[in-house]
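Structure, as C-alpha cells:
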Amino acid sequence: MAEVIDVSIERTQSVTVEFDDGVRASFPLADLRRACPCAGCKGAREQGRDPWTPRAGGVSPTIVDAELVGAWGLSIRWDDGHDTGIYSWDGMRRWYDDDHASGDPS
Ligand SMILES: [Zn+2]
C-alpha cells in the first residue's frame with residue numbers, strides 16, 4: 001500500500017493527497033462531502049438519499065477545519081457543521097484507483 005507523503009487542503013476547492021508511488025489524487029469537496037464515510041452518511045446513501053443537500057446555484061461545501069488522524073487519515077469539519085467523517089488514506093486511494101481503472105486507455 002502506497003504511503004501518503006503530502007496532503008494539501010484548499011478549503012473552498014479540493015483536497016489533494018500525494019502518494020509515494022507518484023500518484024497525486026485530487027478530490028473535489030462536493031464529492032468528498034457526499035462520500036462522507038461516517039455511519040450517518042453511509043446510512044443515507046444506502047437508502048438512496050443524498051447525505052449532503054446541494055445548495056442553490058451549485059455552491060460547493062467548504063472545509064472549516066481539517067485534522068490529520070495519526071498516519072491513518074483525515075478528519076474534516078464542514079461548513080454545514082458536519083464533522084463525524086474520517087477519510088482514510090486507504091479509502092481515498094481506492095476511490096482514486098476505481099475512478100481511473102475503467103476504460104481509460106492511457
Ligand atoms: Zn457523514
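FYI, it's all coordinate maths here, none of it is from the lab. On a predicted model such as this, the values are computed, not experimentally measured, just so you know. Reconstructed Cβ throughout: ideal geometry from the backbone, glycine too, with neighbour counts over all protein chains shown.
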Using +1 on the beta carbon of Lys and Arg, -1 on that of Asp and Glu, and nothing else charged, what's the dipole of the chain about the Cα centre, debye to 20? 500
Return a whole-number percent for the relative contact order of the chain, with Cα pairs under 8 Å and 6 or more residues apart as the contact set. 19
Over the chain, cysteine residues that find no other Cys C-beta under 4.7 Å are Cys38
Under the √(5λ) rule applied to the eigenvalues of the Cα gyration tensor, what semi-axes describe the equivalent ellipsoid of the chain? Give them in Å, descending. 22, 17, 14
Compute the angle between helix 89-99 and the longest alpha-carbon principal axis of the chain, please, reported from 0 to 90 degrees and rounded to the nearest 10. 80
Determine the calculated [θ] at 222 nm for the chain from helices alone, applying -39500 (n - 2.57) to every DSSP H run no shorter than 4 residues and normalising by the residue count; nearest 500 deg cm²/dmol. -6500 deg cm²/dmol
With r as the distance between the Cβ atoms of Met1 and Asp50 and R0 = 30 Å, compute the FRET efficiency 1/(1 + (r/R0)^6) and round to 0.05. 0.50
